[in-house]
Amino acid sequence: MKKLVINGGKKLSGEIKISGAKNSVVALIPAAILSDEEVTLYNVPDISDTKALIDIIELLEGKVEYTDETMKIDTRRIKNKVIPENLSQKLRASYYFMGALLSKYKYAEMYFPGGCNIGSRPIDFHINGFKRMGATVEIEGNKYIIKAKKLKGADIYLDFASVGATINLMLAAVKANGTTNIYNAAKEPEIVNIATLLNNMGAKITGAGTSEIKIIGVDKLSSGVVDVIPDRVEAGTYIIMGALLGNDLSINNIIEEHLDALFSKLKEMGVEMYIKSNKVLISKPKELKASNIKTQVFPGFPTDLGQPISVLLTQAKGMSLFEETIYENRYGHIKYLQKMGAEIRLADRVAMIQGPSPLTGCDVEATDLRAGAAMVIAGLLAKGTTKISKIDHILRGYENIVEKLQAVGADITIVDE
Ligand code: EPU
């Protein structure tokens, strides 16, 4: 089993270049099958979620060329097939093939998606939206059969601004007859990225990035090109490391507006940053002030950075409150932070964090992707050696994390034991 071994306490200096966003690329790849020609994606991160999606495209007999961050997906000979459980279970985003296959073939047959165990994560908004567009949905155990004679545009109101449902319904609607309006749509930057590709392919989508998205169905989508946006969660993770251990650590290739909520919290906590030309330069401040953090949908504080920033709160002076509001079970890292010496009390869904408390390295687990990121941050900070198991979760979402951290002075390696 692969583990990450970190000898903590090293200062971090130099530059880290942020890769393309996981949560964009995992939707852009399924979106590509809507083309009848070829789609090119630039700045594609080499993470295991990308590989899992390539496997699905190849199962459908699409051709993928992936070199030096550029992915060309040729969908001319693509066929509709059942996506088996072993592939759909590898990641959450396999569910984007529901919307994409339904849109293209009016028939999708696949199994329930996988992904991090951070809550119940139902897909009822996706299913209800497909039904509103005229599809029928049969559920046999874990398998979904979604079909329609014709997909028709519809007015769809989401009970919650779900990222996955917004994207999946956009995918289904681009080739439907007539106009679809998605109300209370998610506004995350990844949604704009997906809409940009679809519009480049010939779709007619307006309003992406706002809470009302309008999609006028078209008959055909052809070739398209897009740059995957920089990963704001990867950037945030390294920025938090900079606030704890940075000595002029520069995080490059960021989009400042995507990180506003994080920057605002860090400033409140006393972290000084110098932001210019898609870079942020950050150093550890003399003292961190306690702060309260409640995760929200964009542009609020992102749930994906909740676990990483809770490590920073353990080093802030006074009592900080941390509340995760999107998922009911995104606290897997807390018991390991406690094991490392953090003073945290979890009552219902609020973590009360008393700081600063010194952390000591020990054996910990990455219970999910962002809990794993939190463990890496804690390990870098802790005195002594931290050994993290279940690191497959981390490698699903952070490209070359070991190499990137080693290059700025961290003592981190992967061992096989
Ligand atoms: N929800 C429902 N029904 C649905 C869909 C969602 O009840 O049909 C609930 C979920 O259970 C959750 C909330 O709505 O409580 C938000 O879920 P959302 O659909 O927005 O999340 P997602 O699409 O499953 C994506 C990212 C997550 C990220 C969230 C929020 C992908 C593959 N995943 O998940 O990323 O946390 O949006 O921004 O894009 C991660 O990167 O670590 C990660 C978990």
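A few points about this structure:
- Distances between placed amide hydrogens fall under 5 Å for LEU346 paired with MET352, all partners being 5 or more residues away or on another chain.
- Gyration tensor verdict on segment 111-235 (Cα atoms; rounded if a/c is under 1.5, prolate if a/b is larger than b/c, oblate otherwise): oblate
- Surface share of carbon and sulfur [accessible, 1.4 angstrom probe, percent] for the chain: 48 percent
- Entries in LYS11/LYS72; LYS265/LYS404; LYS51/LYS204 that, when Cα-Cα distance is taken, lie over 31 Å: LYS11/LYS72
- Inter-part distance where segment 95-112 and segment 371-417 are each reduced to a Cα centre, Å: 36 Å
- If only the Cβ of Lys and Arg carry +1 and only the Cβ of Asp and Glu carry -1, the dipole of the chain around its Cα centre is close to 520 debye.
- All Cα-Cα distances of segment 66-111, cut into 10 Å bins from zero to the largest, leave 24, 46, 29, 2 percent in each bin in turn.
- Per-residue ³J(HN,Hα) for segment 382-392, Karplus 6.51 cos²θ - 1.76 cosθ + 1.60, θ = phi - 60°, Hz, x for Gly and Pro: 6, 7, x, 9, 10, 10, 9, 9, 6, 6, 4
- Per residue, the chain exposes 39 Å² of accessible surface when a 1.4 Å probe is rolled over the protein heavy atoms with every protein chain present.
- Cα-only Debye scattering, segment 1-160: base-10 log of I(q)/I(0) at q = 0.11 Å⁻¹: -0.51
- For segment 307-417, the fraction of C-alpha pairs farther apart than 21 angstrom is 33 percent.
- Contact order normalised by residue count of segment 198-333, Cα under 8 Å, 6+ apart, percent: 19 percent
- For ALA382, the residues whose modelled amide H falls within less than 5 Å of its own, excluding neighbours fewer than 5 places apart on the same chain, are GLY9.
- Shown here: segment 362-415, whose C-alpha atoms stretch 25, 24, 18 Å along the first, second and third principal axes, sorted largest to smallest.
- √(5λ) per eigenvalue of the Cα gyration tensor, segment 1-69, largest first, Å: 32, 15, 9
- Legend: residue pairs LYS17/LYS284; LYS79/LYS152; LYS131/LYS187; LYS22/LYS267, Cα-Cα distance threshold 21 Å; pairs beyond threshold, LYS79/LYS152; LYS131/LYS187; LYS22/LYS267.
- Remark: relative contact order (segment 336-381) = 34 percent; criterion is Cα-Cα distance under 8 angstrom and separation of 6 or more residues.
- Dipole of the chain, positive end: most advanced residue of ASN128, ILE251, LEU101 [Cβ charges, Cα centre]: ASN128
- Length released on extending from ASN278 to GLU257, taking residue separation times 0.36 nm less the Cα-Cα span: 6.6 nm
- Packing here is the average count of other Cβ atoms within 10 Å per residue, and on that basis the peptides 306-317, 376-387, 206-217, 47-58, highest first, run 306-317, 376-387, 47-58, 206-217.
- Each helix, a run of at least 4 DSSP H residues, gives -39500 (n - 2.57); summed and divided by the residues of the chain, these come to -9000 deg cm²/dmol at 222 nm.
- Cross-link table LYS2/LYS279; LYS2/LYS294; LYS286/LYS317; LYS317/LYS383, entries beyond 23 Å C-alpha to C-alpha: LYS2/LYS279; LYS2/LYS294
- Rg/Rh, computed from the Cα trace of segment 236-391 with Rh as the Kirkwood radius, has the value 0.94.
- Taking 16 Å as the straight-line reach from the Cα of LYS175, the aspartates and glutamates in range (excluding those fewer than 8 positions away in the same chain) are ASP36, GLU37, ASP155, ASP219.
- The chain, relative contact order in percent, only Cα pairs under 8 angstrom and at least six apart counted: 21 percent
- Segment 294-342: C-alpha gyration tensor shape, a/c 1.5 cut-off, then a/b vs b/c: oblate
- Aspartates and glutamates with Cα under 13 Å of LYS3, excluding same-chain neighbours fewer than 8 positions away: ASP363, GLU365, ASP392, ASP416, GLU417
- Histogram of C-alpha separations across the chain, 10 Å bin width, %: 5, 23, 32, 24, 13, 4, 0
- For segment 176-236 versus segment 258-326, the gap between their alpha-carbon centres in whole angstrom: 29 Å
The values are calculated or read from the model by the stated rules, or taken from the named source; none is laboratory data. Predicted model only: the values in this text are computed from it and were never measured. As a convention, Cβ positions derive from the backbone with ideal geometry for all residues, glycine included, and neighbour counts pool all protein chains shown. Just the protein is used for accessible areas: all its heavy atoms, side chains included, with ligands, DNA and RNA removed. Shrake-Rupley method; radii C 1.70, N 1.55, O 1.52, S 1.80 Å.
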